[in-house]
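Working notes, structure below.
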Amino acid sequence: MKILLAENRGFCPGVRKAIELAEQALKVHSKVYSLGEIIHNRYVVDKLRNMGLEIVSSVEEISQGGVVLIRSHGASPEIFERARLRNLTIIDATCVLVKRAQNIVRQLDSEGYQVVMVGNKNHPEVKGIIGYADNVIVIQNEDEIERLGRIQKIGLVSQTTLDRQRFAKISAKIIEKGFNEIRIVNTLCEQAVGRQRAASELAKKVDVMFVLGGKHSSNTTELASIARNCGTKTFHIEDFSQFTKDMIEGAEIIGITAGASTPENIVQEFIEGLQKYGA
Ligand code: SF4
């Protein structure tokens, strides 16, 4: 049994930066509050929690004058304002690529475009980005295009971690619907796209694919769905503790990739675990 690893996998620069900023802040402040999980990975979250990082779901849970960390997903201007009103010290770990998407949405809105965003409306990144324009329509799939109705000027963007093929497909369908003007801005993250490409290439070469990462991680879920779409038996699990022997029954080649919020030691532990089963 052989193991192949995706060349492009694991921590991305945005996540790495957010963790670094949290660690630096915890050297100076005994308590730092993260607005939502800093990343979608239990292992990293637990480690930072032990150092003094507390997760809250709103700035109002933080006492006046506290320290709040805005994670790489970013936050809406309204949340920044509420943090300022509470006199909080803000550590802004918004990824530069998410910031770029926020600025593009604001710009399109100011130029009179109806901003349409393709993505998961419940994802924190999307919730933050749509706060940079008055009224953003979020669509999750092709079926929702009908909701667009009659619009003169559409400014189309996507969640940074969306599968590129999916964004291309939905964009094409919107164009087919026939609007006066459509401006498409590529807000996809090249890091995420690179991981998607590597996952797809690997999935075509293996019998079973393991995608390691948090269940709530959007980019990890996207990687798993890309691998599945290649027709490969795919498991999206967090780490080796969720592995069972039957997952690799009859497999000769096993592929492994990891989401942008999965540390490399999770991958290494997974490999060591598989080696005990003869890989
Ligand atoms: S996946 Fe891309 S957009 Fe998201 S945090 Fe990482 S580098 Fe930034």
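What follows is calculated from the coordinates using simple rules that are stated; it is not laboratory data. All values derive from a computational prediction rather than experimental measurement. Here the Cβ positions follow ideal geometry from the backbone for every residue, glycine too, while neighbour counts run over all protein chains shown.
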| message | How large is the convex hull of the C-alpha atoms of the stretch 1-97 per residue, in Å³? | response | 113
| query | For the chain, which span is the longest to avoid every loop-located (per DSSP) member of GluC sites (Glu not before Pro) having at most 14 other Cβ atoms inside 10 Å? | reply | 112-248
| query | Measuring from centroid to centroid over Cα atoms, what is the spacing of the stretch 152-208 and the stretch 1-65 in Å? | reply | 27
| field | Cα-derived Rg to Rh of the chain, Kirkwood definition | value | 1.01
| message | From the Cα trace of the stretch 158-231, what convex hull volume per residue do you get, rounded to a whole Å³? | response | 93
| request: Output the pairs from Lys127/Lys215; Lys121/Lys215; Lys127/Lys233; Lys205/Lys233 with a Cα-Cα distance over 21 Å in this structure; if there are none, say none. | output: Lys127/Lys233
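Where does the charge balance sit around Leu48 when Lys and Arg score +1, Asp and Glu -1, over other residues with C-beta under 15 Å from its C-beta?
Around Leu48, the charge tally is +3.
Taking the Cα centre of the stretch 97-188 as origin, work out the dipole magnitude from +1 charges on Lys and Arg Cβ and -1 charges on Asp and Glu Cβ, in debye rounded to 20.
The calculation lands at about 180 debye.
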| task | May I ask you to work out the translational diffusion coefficient for the stretch 97-188 at 4 °C, viscosity 1.567 mPa s, via Stokes-Einstein with Rh from the Kirkwood sum over Cα pairs, reported in whole µm²/s? | result | 101
| task | Using only the alpha carbons, work out the radius of gyration and Dmax of the stretch 1-49 in angstrom. | result | 14.1, 49
| remark: Ranked from fewest to most other Cβ atoms within 10 Å of their own Cβ, Thr232, Thr244, Thr262, Thr89 fall in the order Thr244, Thr89, Thr232, Thr262
| If you place +1 on the Cβ of every Lys and Arg, -1 on the Cβ of every Asp and Glu, and leave all else neutral, what size is the dipole of the chain about its Cα centre, to the nearest 20 Debye? | 320
| query | Amide H to amide H, which residues 5 or more places from Gln114 or on other chains are under 5 Å from it, using H placed in the peptide plane? | reply | Lys153, Ile154, Gly155
| said: Loop only by DSSP, 13 or fewer other Cβ within 10 Å of the Cβ. Give me the trypsin sites (Lys or Arg not before Pro) in the stretch 68-163 that pass, ordered by residue number. | reply: Arg150
| Per-residue Cβ neighbour rank within 10 angstrom, fewest leading, Val185, Val67, Val211, Val96 | Val96, Val185, Val67, Val211
| field | Selection of trypsin sites (Lys or Arg not before Pro), the stretch 1-40, meeting DSSP coil and at most 14 other Cβ within 10 Å | value | Lys31
